[in-house]
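Q: Take a look at the following structure, please.
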Amino acid sequence: MPEVSVSFYGHIRGLVPQGKMGLKLPEGSTVADLIQGLVEGLGEPFRERAIDEQGLLLPSVKIIVDGEVVEVPDQPLGKEGAKVAVVFVPPVIGG
(Lines give C-alpha, C1' and ligand atoms only; values in the text may rest on other atoms or scores of the structure.)
Protein backbone atom coordinates (compact mmCIF):
# COMPACT_ATOMS: atom_id res chain seq x y z
CA MET A 1 0.00 0.00 0.00
CA PRO A 2 1.93 3.04 -1.16
CA GLU A 3 0.01 5.72 0.71
CA VAL A 4 -3.04 6.13 2.90
CA SER A 5 -4.88 9.44 2.97
CA VAL A 6 -5.53 10.45 6.60
CA SER A 7 -7.92 13.27 7.53
CA PHE A 8 -8.11 14.72 11.04
CA TYR A 9 -11.15 16.19 12.81
CA GLY A 10 -11.87 17.76 16.19
CA HIS A 11 -9.03 18.82 18.46
CA ILE A 12 -6.66 16.42 16.67
CA ARG A 13 -7.02 18.44 13.44
CA GLY A 14 -4.77 21.17 14.85
CA LEU A 15 -1.79 18.80 14.72
CA VAL A 16 -1.74 18.86 10.92
CA PRO A 17 -1.82 22.29 9.22
CA GLN A 18 -4.07 21.24 6.32
CA GLY A 19 -6.13 18.81 8.42
CA LYS A 20 -4.93 15.85 6.35
CA MET A 21 -1.78 14.04 5.37
CA GLY A 22 -0.53 11.07 3.41
CA LEU A 23 1.07 8.20 5.29
CA LYS A 24 3.15 5.52 3.59
CA LEU A 25 2.61 2.06 5.04
CA PRO A 26 3.69 -1.38 3.82
CA GLU A 27 1.27 -3.71 2.06
CA GLY A 28 -0.91 -5.60 4.54
CA SER A 29 -0.74 -2.90 7.22
CA THR A 30 -3.29 -2.89 10.01
CA VAL A 31 -4.99 -0.15 11.99
CA ALA A 32 -2.36 -0.69 14.72
CA ASP A 33 0.36 0.00 12.10
CA LEU A 34 -1.48 3.17 11.11
CA ILE A 35 -1.65 4.34 14.73
CA GLN A 36 2.05 3.62 15.21
CA GLY A 37 2.84 5.54 12.03
CA LEU A 38 0.83 8.51 13.29
CA VAL A 39 2.63 8.43 16.65
CA GLU A 40 6.00 8.32 14.87
CA GLY A 41 5.04 11.02 12.38
CA LEU A 42 3.21 13.45 14.67
CA GLY A 43 5.09 12.75 17.89
CA GLU A 44 4.20 13.57 21.45
CA PRO A 45 1.35 16.00 20.68
CA PHE A 46 -0.58 13.20 18.94
CA ARG A 47 0.23 10.72 21.69
CA GLU A 48 -1.00 13.13 24.36
CA ARG A 49 -4.29 13.79 22.56
CA ALA A 50 -5.06 10.31 21.26
CA ILE A 51 -3.27 7.52 23.19
CA ASP A 52 -3.73 6.29 26.77
CA GLU A 53 -1.07 4.95 29.17
CA GLN A 54 -1.46 1.41 27.78
CA GLY A 55 -0.81 2.59 24.23
CA LEU A 56 -4.45 2.25 23.14
CA LEU A 57 -6.61 4.88 21.49
CA LEU A 58 -8.59 7.00 23.91
CA PRO A 59 -12.32 6.22 23.80
CA SER A 60 -12.95 9.70 22.37
CA VAL A 61 -10.74 9.03 19.32
CA LYS A 62 -12.12 6.96 16.45
CA ILE A 63 -10.43 5.57 13.36
CA ILE A 64 -12.71 5.41 10.32
CA VAL A 65 -11.55 3.47 7.25
CA ASP A 66 -13.50 3.91 4.04
CA GLY A 67 -16.56 5.11 5.98
CA GLU A 68 -16.61 2.43 8.68
CA VAL A 69 -15.52 2.84 12.32
CA VAL A 70 -12.75 0.38 13.15
CA GLU A 71 -12.68 -1.03 16.68
CA VAL A 72 -10.12 -3.81 16.19
CA PRO A 73 -6.44 -2.73 15.97
CA ASP A 74 -5.39 -5.80 13.97
CA GLN A 75 -7.93 -5.12 11.21
CA PRO A 76 -6.25 -4.67 7.83
CA LEU A 77 -6.51 -1.21 6.31
CA GLY A 78 -7.78 -2.72 3.09
CA LYS A 79 -7.19 -1.68 -0.45
CA GLU A 80 -4.53 0.66 -1.74
CA GLY A 81 -5.56 4.29 -1.41
CA ALA A 82 -7.87 3.66 1.55
CA LYS A 83 -9.43 6.82 2.96
CA VAL A 84 -8.83 7.10 6.70
CA ALA A 85 -10.22 9.61 9.18
CA VAL A 86 -8.97 10.18 12.72
CA VAL A 87 -11.86 11.74 14.61
CA PHE A 88 -12.12 13.21 18.10
CA VAL A 89 -15.64 12.59 19.41
CA PRO A 90 -16.24 14.71 22.51
CA PRO A 91 -18.11 13.02 25.33
CA VAL A 92 -21.82 13.73 25.38
CA ILE A 93 -23.09 15.38 28.53
CA GLY A 94 -26.73 14.83 29.25
CA GLY A 95 -29.06 14.98 32.10
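The values are calculated or read from the model by the stated rules, or taken from the named source; none is laboratory data. All figures in this text were calculated on a predicted structure; none of them were measured in a lab. Using ideal geometry, Cβ is built from the backbone for each residue, glycine included, and neighbour counts are taken over all protein chains shown.
Q: Grab the strands (runs of 3 or more DSSP E) fully contained in the stretch 1-75, keeping just those with 3 or more residues being surrounded by 13 or more Cβ atoms within 10 Å (Cβ to Cβ). Please lay out each step first, then the result.
A: On the way: elements: 4-9, 20-23, 61-65, 68-70.
It comes to 4-9, 20-23, 61-65.
Residue by residue, here is whether (1) more than 14 Å from H11 (Cβ to Cβ); (2) in contact with a His (Cβ under 6 Å, 6 or more places away or on another chain); (3) at pLDDT below 85; (4) not basic (K, R) holds:
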position: G37; (1), (2), (3), (4): yes, no, no, yes
position: E40; (1), (2), (3), (4): yes, no, no, yes
position: P45; (1), (2), (3), (4): no, no, no, yes
position: A50; (1), (2), (3), (4): no, no, no, yes
position: V61; (1), (2), (3), (4): no, no, no, yes
position: Q75; (1), (2), (3), (4): yes, no, no, yes
position: G78; (1), (2), (3), (4): yes, no, yes, yes
position: P91; (1), (2), (3), (4): no, no, yes, yes
position: G95; (1), (2), (3), (4): yes, no, yes, yes
